[in-house]
Structure formats: structure tokens, C-alpha cells
Amino acid sequence: MNPIDTFMNPASVSLSDAILATDRRHFMHPGTHASHHASGELEGRLMRRASGIRIEDHAGRSYIDAFAGLYCVNIGYGREEMAEAMAAQSRKLSFYHTYAGFSNDPAVELSQRLIEDWSPPGMKKVFYGMSGSDANETQIKLVWYYNNVLGRPRKKKIIARHRSYHGSGIATGSLTGQAKFHAAFDLPIPQVLHTACPDFYRDARSGESESAFVANCVEQLERLITTEGADTIAAFFGEPVMGSGGILPPPAGYWPAIQAVLKRYDILFVADEVVCGFGRLGSRNGSAHYGIEPDLVSVAKGLTSGYLPLSAVIVGERVWDVIERGSREQGAMSHGWTYSGHPVCAAVALTNLDILEREHLTRHAADVGAYLQASLHAAFDDHPLVGNVRGEGMLAALELMADKTERTPFAPALKVSNRVAQAALARGLIVRPLGINDIIGFAPPLVATRADIDEIVGITRQALDAASEDLPVAG
């Protein structure tokens, strides 16, 4: 037998155990408890194959992936068409850089389609990277470059929101409004500021209306701008629906009110569409969904459905005009990545867009997403552990509470959302416990059916009930 075939055979338990031991010795995993992993206290899994919305591990256990990897796999797993696109492009041109005007056919076509079909109005150019983090890193540099060209050296501060997620680099980790991305890393950098998270469920005062809560969020933003000085504030970063900070759709009227402030003070709006883009909300992008008019847009994840790494910074006309002026005055801008516009990644993205369009997956996500939201409300609005059910399209969350009437959270040490996720995993369902409060997140592939949603909701109910029974023992 070919050694590769042996390696991929789930029945080869002893070989899988050996590979997992090697994994513990040599593989440093992202977002993983290093000691628990190295010691084996954290159970390892080798994910071996996948199809549709299901993924299988080394022991032959099958799971419904109700989080699409990490919000990524919009078209579902196992698409032969995607593999063929990789192979075909690799045979023609596996790689060449795009510096100094060199280009390739897939990157050119992808740029046109992104601008014409998958972006908000007013977008002009596309710059490529490999991840959402590097896309937002590029955005920061573009914002600073823009203001330098305009002769505004003080206008450099950037505002993001508490609980937001914009990446885990030095600058992007600073933008991310979560303490765990700052602690032990000397972050955030001083140019980054944070304003209110629009969590109406958690943060509204007793009896406060949604409109009054929005007005309060807007007032906090405007106070921050005026306190710091509007001539020092360059840009605002926002996810149309906040993702890893709790899957938080904006309260009604939030985005129009925020945009009015940004326009009044001449502050660029960067829409972080890494999670919301490419159909997840039942619209082509979150900006279209909420009437956002961004100056810059970041996309990744659903751009290739995770089949290969690719991100894109989509530059609006207002910013591009200044970049072009800067090149005339200062020469070429010194920014780029080795793999910007990688031809194989671009070819895969084009095939991904073909599938999204041909199978009408945005429309499908709107239909099945509405069913997902309704099903979660029907199943969990009255569940004793669930304080809030929320979401938009194929993006949803359950926020767990010790006392839902008083909105009293569980003690963090109980790790209730982790318990629920583990109970779901044991029953063949992957959901994601989000690191903010006790929140269970859902982001199924857009190809999921109503029958799939029924199964996801049913298993989640079992997992919640199992975790509920265990809580008195735990503390």
C-alpha cells in the first residue's frame, strides 16, 4: 500500500496515534492551550475528509460543521470543481509576483468581478493578501498613507469598537477590542482607540429603548472624537455584524447614525466584511445589507470558501484618487506581500464566485438563514439557560445566562459555553464557544438545507440540556 494511502486511512488507529503524538511534539497550534495540548490533556483530532456540511476525523467520526470552519466554507466542503481549478491553474502558472505591474489572468478577472459584482458602489481597485488580518494591516497603512499625501500628519488615530475582531497582528490585534488579544503582547498600540460595542441586550440601561441606546453609542463615539481632536482621527473600523465578539447584529438605525458622525468629521470608514461578505447575511455583503457606504472594504474567508488562503482590500474612489496622486508626487508606495494576487488562489476564488452565483447561494442563505433564526427562537427563547437568541442570515448566536430574567451571567470559571460546545461535539455537531461571555455561535455553510438546520438545532438542544444537568455538580 502507498504510504500516503496508509496515512489517510482512518482505520489505521495506531498510525493516527503516532501522528497525534508528533503533532503534540512539533505543531504549535493557534489559539490553543500550549500545555494542555503538549501533555495530551487536550484531545487531538486529525480532520481527514469532508463533504457538504460534514467533516470526518481520523477515527471515522462524522460531524456537522455548523461553523463552516471559521465562518469560511460558504459553498461547502469537497467541491471537485475547486480542486480542478487549483490543478488547472497550477499547470499553467503556479506562481509569479505582481510587483512592478506584473499580473496574471485570474487576478485581473477576479478584480473586475469583485468591483462590478461583489462590492458596494464607489469601489475602484483591489489589493490582495492571504488573510483577513493582513487585509486590515494593509488598510491601516493605506489610511496613514492617505493622510500623509494630503498633508495631515496628525490625522492618524483609528477607532474600533470594544469586542470587535479585526485580526491578531500587532496593529490588527490592537484594533481587535478584546483584552485577551492585548494582554501579554504590549497592545494596543497608542494610535488605536476603542468606542462602545452596540450590544443592546447586555449594555442597554433598564427600560432604555433601542433608539435611545443607539443615540448613546453615537454620543460616546462623538465624545471620543472631540476629546481626542477630530484632526487626529483618521478612520473607523467596523464589522457590519460583529462576529467573534458575540455575533451581534446592529440595533436598528445604528449604522446610519454612526456614518453621519464619520462624515461630519471627515473620518474614513473601513468595512470589515471578512465574516459578512459573500452571501452569509443573505446579501452579497454586509454593507449592502445595512446601507453602509464604506471608503475601504476588507474581505477574506468566503472569498475562496477557505479552499485556499486569499484576502482582498477593496479601495474606494476617494482613497484611490489620493493614492494615485501620492505615486505622482512620491513614487511607488512601498507596500506589498510576496503572494499578492497569487494566480492559483485567484483561480479558486473565481470558481468559488461561479458556484455562489450559479447556485444562487446568497438567495438560499436568505431563505435558510431566516429558517435558522426562526428555529433557534422557537427552540431556545424559553430555555432556562438561554438569555438571548440573535443573528442575521446564516450567522446566529445563543447567549447563555445563569438567570435570564435578571440577565445574570454564569461565573466565568464554569465555562458553560465550552461545556455546551463539548457536549455538542460528542453528539456530532461543531459549534463555536465565543470567547466573550458565554455565547454559542453558528455559521453553517450556505449550502445547508432546512433539514440540516433541524438537525443542528436538535443536537444543540440535547447539548444544552446535558450541560444544564452537569452544572450543579460543577459548582
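The values are calculated or read from the model by the stated rules, or taken from the named source; none is laboratory data. Just so you know, these numbers come straight off a predicted model, no measurement behind them. Glycine also receives a Cβ, built like all others from the backbone with ideal geometry; neighbour counts cover every protein chain displayed.
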Residue match in segment 307-328 (condition: aliphatic (A, V, I, L, M) and touching a Cys at 6+ places or on another chain (Cβ under 6 Å)): yes
Matching residues in segment 99-125 - criterion: being part of a helix (DSSP H, G or I), on the phi < 0 side of the Ramachandran plot and not hydroxyl-bearing (Ser, Thr, Tyr): Asp105, Pro106, Ala107, Val108, Glu109, Leu110, Gln112, Arg113, Leu114, Ile115, Glu116, Asp117
Leu353 under 22 Å from the mean Cα position of the chain (by Cα), farther than 16 Å from Asn104 by Cα and in the same structural domain as Ala467 (by TED's automatic domain parsing): no
Among (1) surrounded by 19 or more Cβ atoms within 10 Å (Cβ to Cβ); (2) over 24 Å from Ala397 (Cβ atoms); (3) in contact with a Leu (Cβ under 7 Å, 6 or more places away or on another chain); (4) in contact (Cβ under 8 Å) with a residue 60 or more places away in the chain, the one test that Ala160 misses: (2)
Hey, Ala215 surrounded by fewer than 22 Cβ atoms within 10 Å (Cβ to Cβ) and under 17 Å from Leu175 (Cβ atoms) or not: no
Qualifying position, being more than 22 Å from Thr172 (Cα to Cα), among the hydroxyl-bearing types (Ser, Thr, Tyr) and in contact with a strand residue (DSSP E or B) (Cβ under 9 Å, 6 or more places away or on another chain), among Tyr254, Tyr265, Tyr290: Tyr265
Filter result (out of contact with any helix residue (DSSP H, G or I) (no Cβ under 6 Å at 6 or more places or on another chain), surrounded by fewer than 20 Cβ atoms within 10 Å (Cβ to Cβ) and on the phi < 0 side of the Ramachandran plot) within segment 285-324: Ala288, Glu293, Pro309, Glu317, Arg318, Trp320, Asp321, Ile323, Glu324
Among (1) in a loop (DSSP other than H, G, I, E, B); (2) in contact (Cβ under 8 Å) with a residue 40 or more places away in the chain; (3) of a type in the set (Gly, Ala, Ser) - the single one Ala85 does not satisfy: (1)
Subset of segment 71-82 (residues that are free of Cβ contacts under 8 Å to residues at least 40 places away in the same chain and either assigned to a helix (DSSP H, G or I) or among the basic types (Lys, Arg) (or both)): Glu80
Any chance Ala378 is within 24 Å of the chain's Cα centre (by Cα), at pLDDT 95 or above and within 23 Å of Ile53 (Cβ to Cβ): no
Any hit, segment 263-275, residues being farther than 20 Å from Val319 by Cβ and surrounded by fewer than 21 Cβ atoms within 10 Å (Cβ to Cβ): no
Qualifying residues in segment 414-435 (those that are part of a loop (DSSP other than H, G, I, E, B) and either at positive phi or not small (Gly, Ala, Ser) (or both)) - the one surrounded by the most Cβ atoms within 10 Å (Cβ to Cβ): Val431
Selection from segment 232-251 of residues that are of a type in the set (Ser, Thr, Tyr) and either farther than 18 Å from Ile439 by Cα or not assigned by TED's automatic domain parsing to the domain that holds Val299 (or both): Thr232
Pairs, first touching a residue at least 24 places away in the same chain (Cβ under 8 Å) and at negative phi in segment 176-187, second surrounded by 11 or more Cβ atoms within 10 Å (Cβ to Cβ) and among the aromatic types (Phe, Trp, Tyr), C-beta under 9 Å, six or more apart: Gly177/Tyr165; Gln178/Tyr165
Residues within segment 28-70 that are crowded, with 18+ Cβ neighbours inside 10 Å, in contact with a helix residue (DSSP H, G or I) (Cβ under 8 Å, 6 or more places away or on another chain), part of a loop (DSSP other than H, G, I, E, B) and of a type in the set (A, V, I, L, M, F, W, C), tallied: 2
Selection within segment 71-80 - more than 18 Å from Gly393 (Cα to Cα) and either surrounded by 16 or more Cβ atoms within 10 Å (Cβ to Cβ) or modelled with pLDDT under 95 (or both): Tyr77, Arg79
